[in-house]
Amino acid sequence: MITSRHFTEKEFNNCSPSCSLQDMDQRTMDMADEVREIAGIPLTPTSAYRSPEHDRSKGRSGTGAHTEGKAIDFKCSNSSDRFKIVEACFAAGFTRIGISGTFIHADNSNTHVQNVIWTY
């Protein structure tokens, strides 16, 4: 059973697309909990697990970190929180970070290129 100290099943049900905490990798959730503790601010997941079929229906490969349950996007709308979240992601051990104007993507996939940051 996948557990989290700071995130609820309801939050994952509210993600786009809807998913379950049980779809996630336990290590990823442990790291996400650590991000929350280090950042010191509330974090809202906006996207987490995506099925390969859903991923492909959006024009993606169907093999991304979200399809492994090893990625989570945190809602973020201001530069101060963006800094806190990104800094906490590094401290928690995430080595793959995506930065958008509305969210921060963090993943710990070991099947994709490591030590990267990208923008949307």
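Each value in this text was obtained by applying a stated rule to the coordinates, not by laboratory testing. Note that the structure is predicted; figures quoted are calculated from it, not measured. No Cβ is skipped: glycine too gets one built from the backbone with ideal geometry, and neighbour counts run over all protein chains shown.
Before moving on, here are some points about what is shown:
- So ARG60, is it basic (Lys, Arg) and not in a helix (DSSP H, G or I): yes
- Residue ID - surrounded by the most Cβ atoms within 10 Å (Cβ to Cβ), chosen from residues in the range 71-120 that are more than 13 Å from the chain's Cα centre (by Cα) and assigned to a strand (DSSP E or B): ILE117
- Any hit, the range 44-61, residues being out of contact with any Gly (no Cβ under 9 Å at 6 or more places or on another chain), crowded, with 21+ Cβ neighbours inside 10 Å and in contact (Cβ under 8 Å) with a residue 40 or more places away in the chain: no
- Of the residues making up the range 1-43, those that are polar (S, T, N, Q) and buried (at least 16 other Cβ atoms within 10 Å of the Cβ) are SER4, THR28.
- Checking each residue in the range 30-50 for being touching a helix residue (DSSP H, G or I) at 6+ places or on another chain (Cβ under 7 Å), of a type outside the set (Val, Ile, Thr) and either under 22 Å from THR111 (Cα atoms) or not in a loop (DSSP other than H, G, I, E, B) (or both) picks out MET31, GLU34, ALA39, PRO45, SER47, ALA48, TYR49, ARG50.
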